[in-house]
Amino acid sequence: MPTHWGFADISCFLSVTGDPRPSAVTFGVAADGKDAPAVWSAVQQSWTVATGIKKVIGANVVMNRIRVSYGTEDEADLVYDMPTSVGCVGSGQNLPANCALLVHKRTQKGGQRGRGRFFLPWSVNESDCGENGIINSTAVATANTALNVWYMDLATRGVPMYLLHQPGQSPTGLPTQVTSLAVDPLISTQRRRLRR
């Protein structure tokens, strides 16, 4: 489905040493009059902030590509897909990619149209997660702080985060602005991120 005009669907690709399969962090942004390369640049710069998202992800991980699918007045999106290299700086021994932080996108609207999420692989230390899957409160608080630094930096750079709605049982509607990010204290798993 085409992205709504004036917004962009972002995919930030992560790779880790020794694993050929990349993972992606996906979210929407308002373009705020920027063209696709400018949106790409703003998103890339937001990853370089030392106290932001890269602080949560393990130090053996690199964010090496950003894909911007930019909504236009036409039927098809304008795609701007370029390599980059932003090293992450998280410490400790991380769990495999299929064990991820689940990050909730909060908005001021209720219902399914008012919430979103993304998964953040290589972001949970073995020592921070119990056998019951609960991540300790200190690690959750640290991740919440870093992710909201990143979220606010996106807005400062003129690409605030939005939910981009998909067709469903109700009308698609306009994108909804994300007001904050919140890390779930329970570890999340994704079967498709297991190597086969």
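The values are calculated or read from the model by the stated rules, or taken from the named source; none is laboratory data. All values reported here derive from a predicted model rather than from experimental measurement. Cβ placement follows ideal geometry from the backbone for every residue including glycine, while neighbour counts extend to all protein chains displayed.
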Subset of segment 23-44 that is touching a residue at least 12 places away in the same chain (Cβ under 8 Å), farther than 13 Å from Y70 by Cα and over 11 Å from the mean Cα position of the chain (by Cα) - its residue that is surrounded by the most Cβ atoms within 10 Å (Cβ to Cβ): A42
Selected residue (only one of A155, A141, A146 is surrounded by fewer than 14 Cβ atoms within 10 Å (Cβ to Cβ) and of a type in the set (A, V, I, L, M)): A141
Residue selected from segment 45-62 under the condition free of Cβ contacts under 8 Å to residues at least 60 places away in the same chain and of a type in the set (A, V, I, L, M), by the criterion farthest from L164 (Cα to Cα): A59
Within segment 55-81, take every residue that is under 17 Å from G28 (Cα atoms) and in contact with a helix residue (DSSP H, G or I) (Cβ under 6 Å, 6 or more places away or on another chain) and give me the one that is modelled with the lowest pLDDT. L78
Consider S123 carefully, then state whether it is under 17 Å from D9 (Cα atoms), buried (at least 22 other Cβ atoms within 10 Å of the Cβ), in contact (Cβ under 8 Å) with a residue 40 or more places away in the chain and within 16 Å of the chain's Cα centre (by Cα). no
Counting only residues that are of a type outside the set (A, V, I, L, M), within 19 Å of I187 (Cβ to Cβ) and under 14 Å from the mean Cα position of the chain (by Cα), how many does segment 89-115 have? 2
For segment 97-115, the count of residues that are at pLDDT 90 or above and of a type in the set (G, A, S) equals 1
Considering only residues that are within 16 Å of F118 (Cβ to Cβ) and either modelled with pLDDT under 95 or in a helix (DSSP H, G or I) (or both), which ones fall in segment 150-175? W150, Y151, L154, L163, L164, H165, Q166, P175
Residues (among the polar types (S, T, N, Q), more than 25 Å from A97 (Cα to Cα) and over 15 Å from the mean Cα position of the chain (by Cα)) located in segment 174-191: T176
One residue is enough: does segment 120-143 have a residue meeting the conditions aromatic (F, W, Y), within 20 Å of T189 (Cα to Cα) and not in a loop (DSSP other than H, G, I, E, B)? no
Here are some conditions: (1) more than 21 Å from T179 (Cβ to Cβ); (2) touching a Pro at 6+ places or on another chain (Cβ under 6 Å). T48 meets all but one. Which one does it not meet? (2)
